[in-house]
Amino acid sequence: MMSTETREVSPMPFCQMPPGKNYMACGSSCSWTDFITLWGKANGVLVGYKQVTLDEMVADTADRGYSIEVAHMYSYSSDAGCDGGMDLRTVEDLQKAGIECTMASLEQWFARQHWPALLAK
């Protein structure tokens, strides 16, 4: 069941689908540029996204080990995508099968978060 307050989705809708498939539960999927643009819009701030190489990210981050991990994560999600290149079923597939599964969009999720502490830094 979905909580109307937090809009979190339980795994129940996915359990109604046949086994043997891979699923990704997300209300929105977009590029990093669109992601940061939506975040800025939700918070009333002007932001931008600049693609950098793995080496540039490592050089510009104080914690080398951490920056390598983050750089590899971004590289993976950008190259293969969040789906890892797999053929995943999504919320739309559940809805087409007649299974009710409502998820918040990225814009809705951003709007419900409390960002002042982050923005104050």
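Since every read-out is calculated from the coordinates, none of them should be taken as a lab result. Owing to the predicted nature of the structure, the values given are computational and were not obtained by experimental measurement. Cβ: placed from backbone, ideal geometry, glycine included. Neighbour counts: every protein chain shown.
Close amide H contacts of residue 89 (hydrogens built in the peptide plane, cut-off under 5 Å, sequence separation of 5 or more or a different chain): 22, 23, 24. Residue exposure proxy: 54, 118, ordered by other Cβ atoms within 10 angstrom of their Cβ from fewest to most, comes out as 118, 54. Among the lysines of segment 19-121, pairs at least eight places apart or on separate chains and with Cα atoms under 23 Å apart come to 4. What you get for the chain, charging only the Cβ of Lys and Arg (+1) and of Asp and Glu (-1), is a dipole of about 300 debye around the Cα centre. The translational diffusion coefficient of the chain, from Stokes-Einstein at 37 °C and 0.692 mPa s with a Kirkwood hydrodynamic radius over alpha carbon pairs, comes to 193 µm²/s. Computed on the chain, with alpha-carbon pairs under 8 angstrom and 6+ residues apart, the relative contact order is 37 percent.
Between 0 and 90 degrees, the angle of helix 32-43 with respect to the longest Cα principal axis of the chain falls at about 90 degrees. For the pair residue 17 and residue 53, the difference between a 0.36 nm per residue extended length and the Cα-Cα distance amounts to 9.0 nm.
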